[in-house]
Amino acid sequence: MQSKGNLGLLMLILTGYLFIFTGSSFGSAYLLEVPVWESNCLSFSFSFLLDNVSMIFVGTVLVISGSVATYCKWYMAEELYYSRFMGLVWLFVLSMVFMILVPNLVMLLIGWDGLGLTSFLLVAYYQNNKSLSAAMLTALTNRIGDVLVLISISIFLSEGGWLIYSYHPVQMWLNLGFMVVFAGMTKSAQMPFCAWLPAAMAAPTPVSSLVHSSTLVTAGVYLVLRSFYIISSNPYVTQVLMILSLFTLVLAGSSAVFAFDLKKVIALSTLSQLSLMMFSISILLPSVAFFHLVTHAVFKALLFLGAGGVIHSNQSIQDIRGLSSLWQGLPVSMGAMSVAIVSLSGAPFMSGFFSKDLMIELSMMDSSVTYGCYLLELLGLIFTSFYSARIVFSVMLGSNYVNNSTLRINEHLNMQTPFLSLYIGAIILGVVLGSKMESFGFVVVLESYESLSVFFIPFAGLILWRGVISKLGSSPWSSAKSLSFFLSMWFMESLTSHPGKVTFFKGSSTVAQSLDQGWLELLGPQGVHAGLGQFSCLNEIVQKNYFTYQLVVWGLLVAGGVSLIIFM
């Protein structure tokens, strides 16, 4: 039975790669519409859009979901409710596939809200206070995006339909671009909605691999790039998107440099790469953003699965200060993480290099990118190589000087198979898509110093690693201040998520005191209780002194009668 399940998942992975390679040479686009309701000039239909973008991204989701499902057979083997967990995972994947294929803004809400609902259930899966808090933060932030999508639907009423993917609007509404962009920013955790992304690490590691590679956080980027014609018609929208994405890139990179939780470091690296994709869309390069979206999904899933193997094999330790020299005990996992980190850094000839290098070079050629934006972009990319070097030196090569066992840990076949499937994609996917997709073919003309700066970005973090760490270590006070600033994501968590929670709780306390414990209680149950209590006390007093009153009354009556008899 287990072999049949593994064979089915292997077929799913192969089908995903078949979709990717077929989509890369797919030149047509097919729109399937099933009319549901029509009224005068307004119609509503159930639509499916099949083109090269949707085929490649669906294939990517299938490859990663098949790999993660195989990995779950090992990682969640001791889980009591394994079937329930996998049911939620497949519902999560189905929601993402539905969102990719449906271009109708109304029907897209099924996949969009399905991602929000299932992500809440998966983040809260471990059923503790931390998981529930993270799940509520994730769900409430995503509800903002849901409201913006509903507003976009109401604006689209004037168009006579709700098709939004690759759609040229007839009547341009200035606010529509802002609605779509900010809806995508809530799902992709761009500033100021970035607090929920690290919190979502409370989910099981296989879920984190899905969330941060090809499903929940990429849904926002996918919506924005497929709605490119609506966004590009308003220059103010692209400028706002450029500024916020660059600040998010620097924020995520600088916070990842100082973070100690291994999963949080990888989550922040996801945030920085998502902001890089948003920046690419803002400079009118949606095809390059999609190229990086696909390559990033594969090597980030590989990196998360490798980190999951590290955590699961070391008594659930996630603090990188407690991990050291793991290449001796987990050679396969460390090999997978090495490939993913090298690709993440943009080292030459890896998948990440082809998309990231193209993105940087084209941004250098773009006249709309100012020197300030260019410096922020380079700073964020240097941070990427910096925290990548930190993971290599701390976790793999053992600069933490932690006494770990050097005995090799048994790495199960269900753990190694996903590594192999994603390992192939992390190496060859970039060159295959870059050579076969016409939309990825650009002529790049740069000065020699610009080309050298691009080439040295992956190695800049390696050079700066030792010097910065030693300087921070020599000044504990400044190091503590820096840590408090960067670990809180520039106090973004306090500024965005905490005020909302504090306001909500203070408002609920005021309502409770003024209504539930105030005049409603006096007029309602508490008032009735107090009135009945006073009445019962009076009744008790009357009943307790009943015989005394009777004796006094009878005594008075008898005395009055005797006195009347005597004196009459």
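The values are calculated or read from the model by the stated rules, or taken from the named source; none is laboratory data. As the structure is a prediction and not an experimental result, all values here were calculated from the model. Cβ atoms come from the backbone with ideal geometry, glycine included; neighbour counts cover every protein chain shown. Ligands, DNA and RNA are excluded from the accessible area calculation, which covers all protein heavy atoms including side chains. Shrake-Rupley method; radii C 1.70, N 1.55, O 1.52, S 1.80 Å.
Residues that are closer than 26 Å to Arg84 by Cα and among the polar types (S, T, N, Q) within the stretch 104-161 comprise Thr118, Ser119, Gln127, Asn128, Asn129, Ser131, Ser133, Thr138, Thr141, Asn142, listed in sequence order. Among residues that are assigned to a helix (DSSP H, G or I), surrounded by fewer than 24 Cβ atoms within 10 Å (Cβ to Cβ) and at pLDDT 80 or above, Met278 is not included.
Gly160 passes every criterion in (1) open to solvent by 40 Å² or more (accessible area, probe 1.4 Å); (2) more than 21 Å from Phe98 (Cα to Cα); (3) modelled with pLDDT under 80 apart from (1).
Among the residues making up the stretch 112-132, those that are under 17 Å from the mean Cα position of the chain (by Cα) and not aliphatic (A, V, I, L, M) are Trp112, Asp113, Gly114, Gly116, Thr118, Ser119, Phe120, Tyr125, Lys130, Ser131. Scan (1) touching a Leu at 6+ places or on another chain (Cβ under 8 Å); (2) modelled with pLDDT of 85 or more for the single condition Met11 breaks and write down its number. Checking Met11 against (1) touching a Leu at 6+ places or on another chain (Cβ under 8 Å); (2) modelled with pLDDT of 85 or more, the one that fails is (1).
Every condition in (1) hydrophobic (A, V, I, L, M, F, W, C); (2) over 24 Å from the mean Cα position of the chain (by Cα); (3) over 18 Å from Leu433 (Cβ atoms) holds for Leu109 except the one numbered (2). Say whether the condition of being part of a loop (DSSP other than H, G, I, E, B), open to solvent by 20 Å² or more (accessible area, probe 1.4 Å) and over 28 Å from Ala307 (Cα atoms) is met by at least one residue in the stretch 329-352. No, because not a single residue in the stretch 329-352 is part of a loop (DSSP other than H, G, I, E, B), open to solvent by 20 Å² or more (accessible area, probe 1.4 Å) and over 28 Å from Ala307 (Cα atoms). Residues that are under 27 Å from Ala252 (Cα atoms) and outside any helix (DSSP H, G or I) were ranked within the stretch 378-419; the one that is modelled with the highest pLDDT is Leu397. Quick check: anything in the stretch 286-300 out of contact with any helix residue (DSSP H, G or I) (no Cβ under 8 Å at 6 or more places or on another chain) and open to solvent by 20 Å² or more (accessible area, probe 1.4 Å)? No. Could you tell me whether Thr270 is among the hydroxyl-bearing types (Ser, Thr, Tyr), open to solvent by 10 Å² or more (accessible area, probe 1.4 Å) and modelled with pLDDT under 90? Taking the combined requirement at face value, the residue does not satisfy it. Whether any residue in the stretch 85-102 is part of a helix (DSSP H, G or I), closer than 23 Å to Val149 by Cα, open to solvent by 30 Å² or more (accessible area, probe 1.4 Å) and among the aromatic types (Phe, Trp, Tyr) is what I want to check. Yes: the stretch 85-102 contains one or more residues that are part of a helix (DSSP H, G or I), closer than 23 Å to Val149 by Cα, open to solvent by 30 Å² or more (accessible area, probe 1.4 Å) and among the aromatic types (Phe, Trp, Tyr).
Among the conditions (1) under 28 Å from the mean Cα position of the chain (by Cα); (2) modelled with pLDDT of 75 or more, the only one that Phe440 does not satisfy is (2). Within the stretch 318-328, being under 18 Å from Trp74 (Cβ atoms) and surrounded by fewer than 18 Cβ atoms within 10 Å (Cβ to Cβ) holds for no residue.
If you check Trp74, Trp112 for being in contact with a Gly (Cβ under 9 Å, 6 or more places away or on another chain), surrounded by fewer than 23 Cβ atoms within 10 Å (Cβ to Cβ) and not in a strand (DSSP E or B), only one passes: Trp74. Checking each residue of the stretch 243-262 against the condition of being part of a loop (DSSP other than H, G, I, E, B), in contact with a Phe, Trp or Tyr (Cβ under 7 Å, 6 or more places away or on another chain), more than 26 Å from Ser65 (Cα to Cα) and open to solvent by 10 Å² or more (accessible area, probe 1.4 Å) gives no match. Within the stretch 195-210, the set of residues being open to solvent by less than 10 Å² (accessible area, probe 1.4 Å) and either farther than 20 Å from Ala259 by Cα or in contact with a Leu (Cβ under 6 Å, 6 or more places away or on another chain) (or both) comprises Trp196, Leu197, Ala203, Pro206, Val207, Ser209, Leu210. The set of residues in the stretch 227-242 being assigned to a helix (DSSP H, G or I) and either more than 19 Å from Leu49 (Cβ to Cβ) or open to solvent by 10 Å² or more (accessible area, probe 1.4 Å) (or both) consists of Phe228, Tyr229, Ser232, Pro235, Tyr236, Val237, Thr238, Gln239, Val240, Leu241, Met242.
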